[in-house]
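Here the structure comes first, spelled out in structure tokens, and everything after it is commentary.
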Amino acid sequence: MLVLISEKKFWLSIIGLFLLISSNNLQAHPHVFIDAQIKVYFDANGVKGYKITWTFDKMFSELMIDEFDDDVDDQFNEQEQKLIYQKAFSNLKKFDYFTKILIDGKPFEIKYITNFKAQIHDEVMTYSFFIPCSIAISRSEKSVKIYTYDESYYMDVSLTNSAISFANSNVYNITYQVEEDENKRYYFDQINPFVLKLSLRKK
Amino acid sequence: MKYFIVFALVTLLGISSVLGQGNPMFSTEETPSDSMISISLDEDLEAADTIQTKPVMMESEEHGGFFKSLLRMNADYQKMLRSNIADRGKAIDSDGGMMAVSWILLISFLYGIIHSLGPGHNKVVVFSYFLTQKPKIRDGILMGNITAFIHALSGLTVALMIFYVIKETTTYSFDQSQVGRWTMVFSFGFIIIIGLFLLVGYLKDYFKGAQSLDEKASSKKSILAMAFSVGIIPCPGTMILTSFLLTLGFVKLSVFAALFMALGMGFTISMIALLSVLIKKQLLRFLKNDQQVVTKFQLGISIFGSLLIIFIGVVFLLGVL
């Protein structure tokens, strides 16, 4: 059959197949799936920070619950949460908690997070934590981008418009949009991360 | 020009394929418990939450077209299949059995096909290996399936070991990175050795001035050695699937699910091996009229394939050391 195709078609096929293999090679291998939610908190001066919530896939949740819910009461008590924090969360500081923030194009360094919680809802595990990030908001427009992704692509982190919410935001004009950023790529330049784009100014 | 295209594409593929790391969530270092910052901010935040306005939401724009959609689709399908297995696994008790079990096995097979399209399955090594061999379709299918089965079975073995042995002796065991680390060192070391072995063989041919390399068919031993080296790294996907079923108490089902997942992965890896075999066959057809060029081409691509295998082995090995 192969001898019947033209040389041009043959080379095009090879190029196509290589692209398919190499890219899928890099894309389709997450082992854990996270649905992220971002809640932006404001105060009188502007942005106060972001509460990130990760909902893990059911299979991984089951394994984590089996591992850490020692008293099998379908919730993580204080001691269990502490252990989860130590063993299965604090390491993410090295990976900026899968979160990159740009304020007017400049990177914001996440020095610490607060309010870590690991919870179980309907046999699904969630993590939530707060990233303090004070940004003064005036009448001139401020642009904030919040990327959420795991550079190693061990975990697939997805984000949608419906996963975004705001608190104490009534004195601000807010426009927001979630998309896969075309201009940024990770994991060997193959994958576009999800980004929350915010345009903020005082009313 | 042809050689340049092959060289560029294979290099691109080789460089771009670096094995996925361990789960970044898990810490192998002891974190002091006082580093967990817990302040009362959360209550303040929840109180603040009572005042709401309506920010303007812009619709998400679709970028990238078919290829990017394909990539996202792959991840979404994996997520969907995993979720489906989780639901059916938990429902086995109430459903009473065979139907749910059959579904889990079928979905495990599909999950294997899609899962193995991702990195971590050393497809480039398989691809490169067949560039170095006499192209035989049967060998491609054989190696693809053996690799997948070893890959899945090593994942299953580690999952069973963790479940029955390590878990009994440690308070924290879910991080399998340490178990997998030495397997990876062994696997990559072996891949380098095979690459060197192939390279030395072809260099000998080169200096002897071989007349026809087409006589070099891959032996069963060579296929097994390569399949073993490539597959021995435990498949994290299989580990998660089988660990999940083990936590539900389904020991036999976890074994069968791993086997069905291996069948699915075998299908994909066989396709990669076949692709390599067919590309080489076709290239040889283009050059069939000139035996001298064929021999030079065979030798060149075989040496290149051997070097690529060594390169991948070294890159991966350095990554885990």
Kindly check whether there is at least one residue in the stretch B:287-298 that is buried (at least 24 other Cβ atoms within 10 Å of the Cβ) and under 20 Å from B:TYR206 (Cα atoms).
-> yes
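Can you say whether B:ILE233 is outside any helix (DSSP H, G or I), in contact with a His (Cβ under 8 Å, 6 or more places away or on another chain) and modelled with pLDDT under 90, as far as the supplied structure shows?
On the way: outside any helix (DSSP H, G or I): yes; in contact with a His (Cβ under 8 Å, 6 or more places away or on another chain): yes; modelled with pLDDT under 90: yes.
Yes, satisfied.
In the stretch B:163-175, is there at least one residue being modelled with pLDDT of 85 or more and among the polar types (S, T, N, Q)?
no
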Would you mind telling me which numbered condition in (1) buried (at least 21 other Cβ atoms within 10 Å of the Cβ); (2) in contact (Cβ under 8 Å) with a residue 40 or more places away in the chain; (3) not in a strand (DSSP E or B) A:PHE130 fails?
-> (3)
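Quick one: is A:SER158 among the polar types (S, T, N, Q), within 18 Å of B:GLN78 (Cβ to Cβ) and modelled with pLDDT of 90 or more? Reasoning before the result, please.
Numbers: among the polar types (S, T, N, Q): yes; within 18 Å of B:GLN78 (Cβ to Cβ): yes; modelled with pLDDT of 90 or more: yes.
Yes, satisfied.
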Select, from B:ASP49, B:ASP93, B:ASP34, B:ASP42, the only residue that is modelled with pLDDT of 65 or more and among the acidic types (Asp, Glu).
-> B:ASP93
Take the residues of the stretch B:229-239 that are crowded, with 24+ Cβ neighbours inside 10 Å and among the β-branched types (Val, Ile, Thr): which is nearest to the other protein chains (Cβ to nearest Cβ)?
-> B:THR238
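If only one of B:ALA262, B:ALA258 is within 13 Å of B:HIS151 (Cα to Cα) and under 13 Å from the mean Cα position of the chain (by Cα), which one is it? Walk me through how you get there before you give the answer.
On the way: B:ALA258 fails: under 13 Å from the mean Cα position of the chain (by Cα).
B:ALA262 is the lone residue from the list that is within 13 Å of B:HIS151 (Cα to Cα) and under 13 Å from the mean Cα position of the chain (by Cα).
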Note on the stretch A:164-202: residues in a loop (DSSP other than H, G, I, E, B) and either closer than 17 Å to A:ILE146 by Cβ or more than 9 Å from chain B (Cβ to nearest Cβ) (or both) are A:SER169, A:ASP181, A:GLU182, A:ASN183, A:LYS184, A:ARG185, A:ASN192, A:PRO193
Within 11 Å of chain B (Cβ to nearest Cβ) and over 21 Å from A:TYR153 (Cβ atoms), is that true of A:LYS117?
-> yes
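Are any residues in the stretch A:55-83 at positive phi and in contact (Cβ under 8 Å) with a residue 40 or more places away in the chain, and if so, which ones?
Taking the stretch A:55-83 first, the residues at positive phi are A:72, A:74.
Of everything in the stretch A:55-83, just one residue is at positive phi and in contact (Cβ under 8 Å) with a residue 40 or more places away in the chain, namely A:ASP74.
Listed here are the residues, each with its yes/no results for (1) buried (at least 18 other Cβ atoms within 10 Å of the Cβ); (2) out of contact with any Cys (no Cβ under 9 Å at 6 or more places or on another chain); (3) of a type outside the set (D, E, K, R); (4) part of a helix (DSSP H, G or I).
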site: A:ILE65; (1), (2), (3), (4): yes, yes, yes, yes
site: A:ASP70; (1), (2), (3), (4): no, yes, no, no
site: A:ASP74; (1), (2), (3), (4): no, yes, no, no
site: A:GLN79; (1), (2), (3), (4): no, yes, yes, yes
site: A:LYS87; (1), (2), (3), (4): yes, yes, no, yes
site: A:LYS94; (1), (2), (3), (4): no, yes, no, yes
site: A:TYR97; (1), (2), (3), (4): yes, yes, yes, yes
site: A:LYS100; (1), (2), (3), (4): yes, yes, no, no
Among the candidates A:VAL47, A:VAL32, which residue alone is within 11 Å of another protein chain (Cβ to nearest Cβ), crowded, with 18+ Cβ neighbours inside 10 Å and among the hydrophobic types (A, V, I, L, M, F, W, C)?
-> A:VAL32
Can you give me the number of residues within the stretch B:194-230 that are modelled with pLDDT under 70 and within 30 Å of B:GLN78 (Cα to Cα)?
-> 0
Restricted to the stretch B:176-193, and to residues that are over 12 Å from B:ILE232 (Cα atoms) and at pLDDT 80 or above, which residue is nearest to the chain's Cα centre (by Cα)?
-> B:ILE192
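Residues are listed down the side, and each one gets a yes or a no for (1) within 11 Å of chain A (Cβ to nearest Cβ); (2) surrounded by fewer than 23 Cβ atoms within 10 Å (Cβ to Cβ); (3) over 18 Å from B:LEU110 (Cβ atoms); (4) at pLDDT below 90:
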site: B:LEU245; (1), (2), (3), (4): yes, no, no, no
site: B:SER254; (1), (2), (3), (4): no, no, no, no
site: B:ALA258; (1), (2), (3), (4): no, no, no, no
site: B:PHE267; (1), (2), (3), (4): no, yes, no, no
site: B:LEU275; (1), (2), (3), (4): yes, yes, yes, yes
site: B:LEU278; (1), (2), (3), (4): yes, yes, yes, yes
If we scan the stretch A:168-175, do we find a residue that is under 25 Å from A:LEU92 (Cβ atoms) and either more than 16 Å from the chain's Cα centre (by Cα) or surrounded by fewer than 22 Cβ atoms within 10 Å (Cβ to Cβ) (or both)?
-> no
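Results for (1) touching a helix residue (DSSP H, G or I) at 6+ places or on another chain (Cβ under 9 Å); (2) aromatic (Phe, Trp, Tyr); (3) within 8 Å of chain B (Cβ to nearest Cβ), shown as yes or no for each residue.
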| site | (1), (2), (3) |
| --- | --- |
| A:GLU109 | yes, no, no |
| A:ASP122 | no, no, no |
| A:ILE135 | no, no, no |
| A:ILE146 | no, no, no |
| A:VAL157 | yes, no, no |
| A:ASN161 | no, no, yes |
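The values are calculated or read from the model by the stated rules, or taken from the named source; none is laboratory data. None of these values were measured; they are calculated from a predicted model. Here the Cβ is made from the backbone with ideal geometry for all residues, glycine too, and neighbour counts use every protein chain on show.
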